[in-house]
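The structure under discussion appears below in the form of structure tokens.
The values are calculated or read from the model by the stated rules, or taken from the named source; none is laboratory data. Everything numeric in this text was worked out from a predicted model, so none of it was measured. Cβ atoms come from the backbone with ideal geometry, glycine included; neighbour counts cover every protein chain shown. Surface accessibility is based on the protein's heavy atoms, side chains included, excluding ligands, DNA and RNA. Shrake-Rupley method; radii C 1.70, N 1.55, O 1.52, S 1.80 Å.
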Amino acid sequence: TAAVGALSHSLDTRVKGTPVVVYNPVTYDLRDLVEAEVPLDARAKGVAVYAPSGRRVAAQILSREGDRARILFAADVKAAGYAVYDVRPASGVAKSSALKASERTLENRIYRVELDANGDIRSIRDKRAGRELVAEGKAFRMAVFEGNPSNRYPAWEIMKETMDKPGRPIDGDVRISIAEQGPVRATLKVERSYGPSKFVQYVSLTDGGDDDRIDVRNTVDWSSRNVLLKAEFPCAVANAKAAYDLGLGFIERGNNTETAYEVPAQKWVDLTDADGSYGVTILNDCKYGWDKPADNTLRLTLLHTPSTEKRYAHQRTLDHGVHHYTYSIVGHTGARTEDALVAGEALNMPLVAFVAPKHAGHLGRTFSMLAASTPQIGVRALKKAEDGDGIIVRLYEVNNSRTPVTLASAGKLCEALETDLLENPVEERKLEVTDHTVSFTIKPYEILTLRLQMKGSQK
């Protein structure tokens with residue numbers, strides 16, 4: 001917040017309505033939805049939002065209290081960048097023909113999603129490819145696995161025999177309702193219970209942002225014991241191996257074995273059909289344990305609490321309380337690409353909006369600190385050098401292939417050096433520097449650190 005506030009002083013925020021600075025914290029261009037709390041005349045029936053170019057973008061009011069409103073709107077922001085949007089009151093509410101919601105269905109220009117009577121996702125139809133994502137007769141759902149015979153570390157150790165049992169559905173006190181039906185987001189709300197635990201899910205589709213992502217936002221008031229909670233994804237594609245994000249690359253793993261049945265992944269796991277024609281990527285924002293019981297099924301571990309036996313008394317309330325987490329579903333044609341990386345970054349570090357005062361600024365209404373020529377690299381650090389006033393950029397190659405890269409800097413460069421992880425100079429490759437760019441070739445899965453020296457700065 002402090003960093004955005006400092007830079008926004010140099011942006012031109014002189015708009016007709018309320019200036020809102022939108023910050024993109026990832027090093028990829030993002031077109032997504034962003035929430036903002038803004039002043040809005042209580043008499044206004046709607047809201048109008050304008051991009052830096054002056055083009056009106058899709059927007060809706062989520063909630064209101066007096067002369068303030070929480071709004072949602074579509075924004076395009078450059079990599080590691082900022083954009084000034086103009087928010088004004090409107091006389092009416094915009095409509096969207098692409099976004100529809102009914103009691104158990106959601107639809108946008110990409111997907112048609114159907115829930116069953118229990119609130120589980122029984123069908124996702126990708127209208128672009130004419131493909132179904134959910135296995136016939138199955139559902140994407142949360143399931144509980146009762147009992148865990150660990151005698152050593154029951155709060156942390158998950159036994160395979162527990163996971164080999166069929167999961168039980170969460171089907172107590174099911175209520176399904178339409179939570180949102182606006183021009184940019186439509187949401188179904190599913191309320192359920194399992195014993196003393198309460199579950200609320202919000203299944204959402206969007207129109208105007210990254211619309212090929214189905215978000216499932218969860219709020220769980222958890223007080224169950226001796227239970228493991230997982231999200232199950234029985235897919236209409238099958239492969240003996242799935243790809244698991246490692247944060248700096250990915251690894252392919254097979255189905256569960258006796259010694260590898262609960263495995264780690266960071267922001268995404270992808271299951272692409274064996275013929276390479278279609279795949280399903282599951283994103284998540286804070287859960288990192290997965291398993292794969294069959295060629296077509298992925299499962300994500302959500303919560304886990306041991307038994308009530310006295311010898312586990314110090315552990316038996318672990319995970320009890322209110323939890324918030326989101327997982328998302330993305331269908332894609334062809335093999336998994338770097339799109340999974342970009343989608344995972346966008347879910348975990350979404351666009352952020354700040355209301356700003358009006359003032360002139362030499363940076364204009366859009367600004368990007370750093371941009372890469374290809375999404376085949378991921379930037380993991382953009383920071384001041386430990387010694388001097390150079391800028392450190394740490395990046396890695398994501399697809400296991402050698403590739404040429406050009407980085408574009410907002411400031412004029414006088415020098416670029418390769419360094420080790422401790423920022424000591426090394427000379428292993430040729431770096432070509434122009435006023436605002438540095439070009440080089442990166443190796444498969446390589447982690448690379450560069451020191452950029454700006455003109456007018458001191459080494």
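Quick notes on this one:
- Each residue of the range 336-425 gets 158 Å³ once the volume of the Cα convex hull is shared out per residue.
- Contact order normalised by residue count of the range 163-212, Cα under 8 Å, 6+ apart, percent: 30
- Loop-resident trypsin sites (Lys or Arg not before Pro) (DSSP state other than H, G, I, E or B) in the range 231-268 with no more than 15 further Cβ atoms inside 10 Å of their Cβ: 241.
- The slack in the chain from residue 109 to residue 2, taken as 0.36 nm per residue of separation less the alpha-carbon distance, amounts to 34.7 nm.
- Given 138/198; 267/292; 16/412; 165/241; 78/358; 267/443, the pairs whose alpha carbons are separated by over 25 Å: 16/412
- Loop-located chymotrypsin sites (Phe, Trp or Tyr not before Pro) in the range 67-144 (DSSP state other than H, G, I, E, B) with a sparse environment of at most 15 neighbouring Cβ atoms within 10 Å are absent.
- Label-to-label distance for residue 294 and residue 445 is 3.1 nm, based on points extended 7 Å past Cα in the beta-carbon direction.
- Cleavage-rule hits (GluC sites (Glu not before Pro)) in the range 218-322: DSSP loop, at most 13 neighbouring Cβ within 10 angstrom: 258, 309
- Cross-link partners of residue 384 among aspartates and glutamates, defined as those whose alpha carbon lies under 12 angstrom from its own and excluding same-chain residues fewer than eight positions apart: 423.
- Fully extending the segment from residue 286 to residue 402 would add 38.7 nm, taking 0.36 nm per residue of separation and subtracting the current Cα-Cα distance.
- Dividing the mean sequence gap of close Cα pairs (under 8 Å, 6+ apart) by how many residues the chain holds gives a relative contact order of 16 percent.
- As a calculated quantity, the FRET efficiency between residue 318 and residue 352 at R0 = 30 Å, using C-beta atoms, amounts to about 0.45.
- By the Kirkwood approach, averaging reciprocal distances over each pair of separate Cα atoms, the range 1-149 gets a hydrodynamic radius of 18.4 Å.
- Surface per residue (accessible, 1.4 Å probe) for the chain, Å²: 44
- Solvent-accessible area of residue 436 with every protein chain in place, 1.4 Å probe, in Å² to the nearest 10: 70
- Sulfur and carbon atoms: percent of accessible area, the chain [1.4 Å]: 49
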